[in-house]
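Enquirer: One structure follows; several queries about it will come next.
The values are calculated or read from the model by the stated rules, or taken from the named source; none is laboratory data. Bear in mind that the values here come from a model prediction, so they are computed numbers and not experimental data. Cβ placement follows ideal geometry from the backbone for every residue including glycine, while neighbour counts extend to all protein chains displayed. Side chains are part of the model used for accessible areas, which takes the heavy atoms of the whole protein and leaves out ligands, DNA and RNA. Shrake-Rupley method; radii C 1.70, N 1.55, O 1.52, S 1.80 Å.
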Amino acid sequence: MIEIVKADITKVSVDAIVNAANSSLMGGGGVDGAIHRAGGKEILEECKLIVTLQGVCKTGQAVITTGGYLPAKYVIHTVGPVWHGGNDNEAQKLTDCYRNSLVLAVKYDCKSIAFPNISTGVYHFPKEKAAKIAVDAVSEFLAETDKIEKVIFVCFDEANEILIRIKLSERLNSV
């Protein structure tokens, strides 16, 4: 039910990929920029409409757009927390990113979803803490539903891939 790969998330064929977006939803660097570039202008146009209707996307929240030219049908944009030493409720906000993305996936009848390593790049969330939160949040959600058949953690770098594998193994061994 949970897979871990080191790959380019823009090339993963699933119902929905998650974008580690910024609050403006207008693209940017890292995975956000890559998804906007690969998916085309249709994603940006839908993001602009969302911002017009509801304003910026707050940290921990998620919104959904078309996948444009991506192999995924949808892109779920979520805004991860910037790391401030753990004193700004960052862990809960990161948990909310995963949970709210999964809620949207279920709402849009997505059976498969791929996540990047949210907030571990320019937002400086400690990779080990982020890996544990990601694995725990996804595992807990999957225990509550049978609507999602596959979750893929798509790691950009080897460090994140190893940490996700370790945290998943620890969780499975503790059950």
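Enquirer: From the list Ala91, Ala72, pick out the single residue that is in contact with a strand residue (DSSP E or B) (Cβ under 8 Å, 6 or more places away or on another chain) and at pLDDT 95 or above.
Expert: It is Ala72.
Enquirer: Then there's this: Taking Leu102 as meeting all but one of (1) farther than 18 Å from Ile35 by Cα; (2) open to solvent by 60 Å² or more (accessible area, probe 1.4 Å), write down the number of the exception.
Expert: Result: Leu102 fails condition (2) only.
Enquirer: Take the residues in region 133-175 that are open to solvent by 100 Å² or more (accessible area, probe 1.4 Å) and of a type outside the set (A, V, I, L, M, F, W, C); name whichever of them is modelled with the lowest pLDDT.
Expert: Asn173
Enquirer: Let me ask something additional. Answer with yes or no whether Val18 is in a strand (DSSP E or B), modelled with pLDDT of 95 or more and closer than 22 Å to Glu90 by Cα.
Expert: yes
Enquirer: Same structure again: Considering only region 111-130, state which residues are among the hydroxyl-bearing types (Ser, Thr, Tyr) and either closer than 17 Å to Asn87 by Cα or open to solvent by 70 Å² or more (accessible area, probe 1.4 Å) (or both).
Expert: Ser119, Thr120, Tyr123
Enquirer: If you don't mind, there's one more thing I want to ask. Of these, Lys6, Lys11, which one is touching a residue at least 40 places away in the same chain (Cβ under 8 Å) and in contact with a Cys (Cβ under 9 Å, 6 or more places away or on another chain)?
Expert: Lys6
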